[in-house]
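Here is the structure we will look at, set down as structure tokens.
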Amino acid sequence: MNIYVGNLPHSVTDEELKELFTEHGEVSAASVITDKYSGQSRGFGFVEMPIQAEAEEAIKVTNESSLKGRNLKVNQARPRNERPQRRPRY
């Protein structure tokens, strides 16, 4: 299952994100999304957990938990085509 993790502190690394979820089961991948120009964290990331039950438990436990002073927003990631379209900026 692909898991969205929002409201991440900008100092969190891929490895720290992986460690947070490894406490709840097997993690096959974890990545913090960064700005392609500055390289700075955009404040969210994704975690891939192959076992559905472990992923669901990890979401339950980590959602609204605190990490470095910020409350995380954790839920099942939606495919790109299901996201609402943003209005163009002019």
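Laboratory data are not the source of any read-out in this text; all were calculated from the coordinates shown. Just so it is clear, the structure is predicted and the values come from calculations on it, not from any experiment. Glycine also receives a Cβ, built like all others from the backbone with ideal geometry; neighbour counts cover every protein chain displayed.
Look through segment 29-51, keep the residues that are charged (D, E, K, R) and not in a strand (DSSP E or B), and return whichever of them is surrounded by the fewest Cβ atoms within 10 Å (Cβ to Cβ). Applying the filter and picking the extreme gives LYS36. Against the test of being closer than 19 Å to VAL12 by Cα and either among the hydroxyl-bearing types (Ser, Thr, Tyr) or free of Cβ contacts under 8 Å to residues at least 60 places away in the same chain (or both), the options VAL61, VAL74 yield a single qualifying residue, VAL61.
From GLU26, GLU54, grab the single residue that is acidic (Asp, Glu) and not in a loop (DSSP other than H, G, I, E, B). Give the derivation first.
On the way: GLU26 fails: not in a loop (DSSP other than H, G, I, E, B).
Answer to the check: GLU54.
Residues of segment 62-78 that are loosely packed, with under 14 Cβ neighbours inside 10 Å and either closer than 12 Å to HIS24 by Cα or over 14 Å from the mean Cα position of the chain (by Cα) (or both): LYS68, GLY69. For segment 1-27, filtering for residues that are of a type in the set (Ser, Thr, Tyr) and closer than 14 Å to ALA58 by Cα leaves 2. Selection over segment 2-46 of residues that are in contact with a helix residue (DSSP H, G or I) (Cβ under 6 Å, 6 or more places away or on another chain) and not β-branched (Val, Ile, Thr) gives a count of 6. If you take the residues in segment 1-37 that are more than 9 Å from the chain's Cα centre (by Cα) and hydroxyl-bearing (Ser, Thr, Tyr), which one is farthest from PRO79 (Cα to Cα)? Out of the qualifying residues, it is SER11.
Would you say SER11 is surrounded by fewer than 13 Cβ atoms within 10 Å (Cβ to Cβ), among the small types (Gly, Ala, Ser) and in contact (Cβ under 8 Å) with a residue 40 or more places away in the chain?
Details: surrounded by fewer than 13 Cβ atoms within 10 Å (Cβ to Cβ): yes; among the small types (Gly, Ala, Ser): yes; in contact (Cβ under 8 Å) with a residue 40 or more places away in the chain: yes.
The answer is yes for SER11.
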